[in-house]
Every structure is written in structure tokens, then in C-alpha cells.
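Report on one structure; see the data block that follows.
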Amino acid sequence: MAHTQLNNSSENGFVLVLALFMLSICSTIGVAALLTSTTEMDIAGNDKIHKETFYQAEAGYLVGAEIIKDKDAYGAWEDNEKFAHLAAQRSISIIDGEFLFEGRKDYPEGSGVWNKDHQLDTVESSPDIEIRIEGQFNVDVDVDKIAVRHLSGSGAEFAAGSEGMGVSMHRVIFNMDCIGTLPAWNRSDNRFARTLRQADGTLNPAIPIAEIIVGYGFIPR
């Protein structure tokens, strides 16, 4: 009887060790699955933020093109003039009223190459256009106009109507640099929850931003 009791005691100890071993394996698998889920959620969240900020910057390009067309590529505004005042906390402002007269600078000199960091101003330090629309857009834009060129085969070369009058067609060629961030709005403070710029005018390093550079774009004039 003593011999039998000794064997049962040994087997009970083995079962306990086996149970603890299986429990540790299951716990490891559970922790790994939890970490994987958390990582996937972070990736999905970052991807969503990237896409939203990208679309913000892209919207800046479309607004910039409309502003160039509005002045026929040659006009000027007052500094800080409202191009569109849609409502409270909803406006498109022309920060530099003479940006269409700036032109561009080649870097290296005479190379014909546009380099955003060697222009008269940059979107980081001195944007030409500011778009702030509550809950929708939070974008800054810099425009460097290159030229206005005649389009071959346009109405200027052919008669238009019985009077024989021609209509000239041109294209405005430019480089554009756009920076945007999430347009989250804080209703309790009635302001953007994420400010694109700090009080001193520099870009806010604590927010996600996206930048789109349109090189040698053109619009009809």
C-alpha cells in the first residue's frame, strides 16, 4: 500500500507541472495576440491620419489654383486679405498679397531647377495662402509662379464667330508647396484643436502634417 501511494503522489505532481506549463503557453499566446491587435490598431490609426493630412495638403493645391485664376495670374491683393470669408472661423486668406509677382529662383543659379528651400520664401516660414475652415481644412500654401505661356493652336490663331475675333489661350506655370494637418475642431474653446502654427508663426512640431509639392503644374488662363 505504501508503494502505491508513492506512485500516486508522483503522478499528481507531474499533472500539476504539466498544467502550469500549459497555462504559461496559453498566457504567452494570449499576450502575443493582444500585442498584435494593438500594433494593428496603431498601424490602422497612423494610416488614417496619414491619408487625412495628405488630403488636407491636396486641397491646398486646388485652392491655390483657383486663386491664381481669380487674378488672371498677374493681380495682387492686400496682405492678409480675405479671399473668401465664409463664416466665423471659416476663411481663405492671402497672406502675401504680391506673391504672383515673386517669380522663382533657380538653384544652383542658372540651372533651371526649382528648389523649395532656396526660394524668396517657403511655406514653412512665410506661406502665401492660409486656409482655415472649421472642421474641414487646416492648410498653408506657398506659390512660385514660373511663367505665363501661349498655348499653340488656341483661339488666338483662329477666327471666332462672324466678327473674326480671336480669343487668346494661355497657361500659367507654377510650383506649389502645400502643408496640411488634421482639421479637428474644439467646440468648447471655439478653435482648432490642432493649430498648424505656434504663436511665433513656426510650424507646430507636436502635430501630424503632410506636405505636397506640385512641380511645374499649370492651369489655363
- Query: Based on the mean of other beta carbon atoms within 10 Å per residue, what is the order of 94-104, 188-198, 48-58, most packed first?
  - Reply: 94-104, 48-58, 188-198
- Note on the structure: Straight-line reach check, residue 48, cutoff 16 Å on alpha carbons, 8 or more apart in-chain or any other chain, hits among aspartates and glutamates -> 40, 58, 211
- Item | Extreme residue, positive dipole direction of region 48-220, given options 64, 181, 212 (C-beta unit charges) | 181
- Per-residue Cβ neighbour rank within 10 angstrom, fewest leading, 120, 18: 18, 120
- Query: What is the fewest-to-most order of 107, 74 by other Cβ atoms lying within 10 Å of their Cβ?
  - Reply: 74, 107
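Each reported figure results from applying straightforward, stated rules to the coordinates on display, with no laboratory input. In this text the structure is predicted, and so the values were computed from the model without any measurement. Quick reminder, even Gly has a Cβ in these numbers, built from the backbone with ideal geometry, and neighbours come from all protein chains shown.
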